[in-house]
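Okay, structure first, notes after.
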Amino acid sequence: MKLDSKRVDHLMIIIALGWVMVIAMTLAGKGFAAMYVSVVIISAHMLIGFSHNGTINRKLFANPFLSWLITFTVGIVGMQYFAFLYGDMRPSFLILGMHPSYFFELCFYWLAGILTISLGLYKRRDLWLSEEDWNHFLSIVNSEEDEVKDNE
């Protein structure tokens, strides 16, 4: 997947406008709908972060990105569904002792989201940041530190 600098610029604009939308929607009492905008914001950040030299590796796109996107969205949909279904009433059943909307929030939105990103990045760590790229980064940092010391 190609991600040239023009597309990155567009994603940065989407991120900024997305935050304005989230704030405006939340202030207007549409906080649940604003959560879907947050999915777009986080997705844009992840895609920019996964790009390297203008491309995103397909394996990184599939896992962790798509797996996170699915679990995160399932969490939001499930949380909203049960929150609207029961409102302020107590549900007739609990999932693992939790209100169904809280179960979806905790298990899918938070835990599964964090696990898919963490395990996916760990599994694909050489694609995300290879040893060669890391050493190149360290050499740049070290050379800049040496320049600062020489200028003092």
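Considering only the range 76-108, how many residues are among the hydroxyl-bearing types (Ser, Thr, Tyr) and either over 12 Å from residue 32 (Cβ atoms) or touching a Pro at 6+ places or on another chain (Cβ under 6 Å) (or both)? Steps first, please.
At the first step, the residues of the range 76-108 found to be among the hydroxyl-bearing types (Ser, Thr, Tyr) are 81, 86, 92, 101-102.
Adding the requirement that they be either over 12 Å from residue 32 (Cβ atoms) or touching a Pro at 6+ places or on another chain (Cβ under 6 Å) (or both) leaves 86, 92, 102.
Residues that pass the stated criteria total 3.
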Worksheet item: Taking interchain pairs and intrachain pairs at least six residues apart, which have beta carbon atoms under 8 angstrom, with the first residue in the range 116-134 and over 11 Å from residue 63 (Cα atoms) and the second small (Gly, Ala, Ser)?
Response: none
Worksheet entry | Qualifying helices (runs of 4 or more DSSP H) (wholly inside the range 65-152; at least 2 residues being of a type in the set (A, V, I, L, M, F, W, C) and surrounded by 12 or more Cβ atoms within 10 Å (Cβ to Cβ)) | 67-86, 113-123, 125-128
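So that you can scan it fast, the table gives a plain yes or no per residue for (1) over 30 Å from residue 26 (Cβ atoms); (2) not hydroxyl-bearing (Ser, Thr, Tyr):
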position: 45; (1), (2): no, yes
position: 49; (1), (2): no, yes
position: 52; (1), (2): yes, yes
position: 58; (1), (2): yes, yes
position: 62; (1), (2): yes, yes
position: 76; (1), (2): no, yes
position: 81; (1), (2): no, no
position: 95; (1), (2): no, yes
position: 117; (1), (2): no, yes
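Does residue 32 qualify as being under 23 Å from residue 115 (Cβ atoms), in contact (Cβ under 8 Å) with a residue 24 or more places away in the chain and either in a helix (DSSP H, G or I) or not hydrophobic (A, V, I, L, M, F, W, C) (or both)? I'd like the intermediate steps shown before the answer.
Details: under 23 Å from residue 115 (Cβ atoms): no; in contact (Cβ under 8 Å) with a residue 24 or more places away in the chain: yes; either in a helix (DSSP H, G or I) or not hydrophobic (A, V, I, L, M, F, W, C) (or both): yes.
No.
Every number here is computed from the coordinates shown, using simple stated rules; none is lab data. Only a predicted model underlies this, so the values are computations on that prediction, with no experimental measurement involved. Ideal geometry is used to build each Cβ from the backbone, glycine not excepted, and the neighbour counts take in all protein chains shown.
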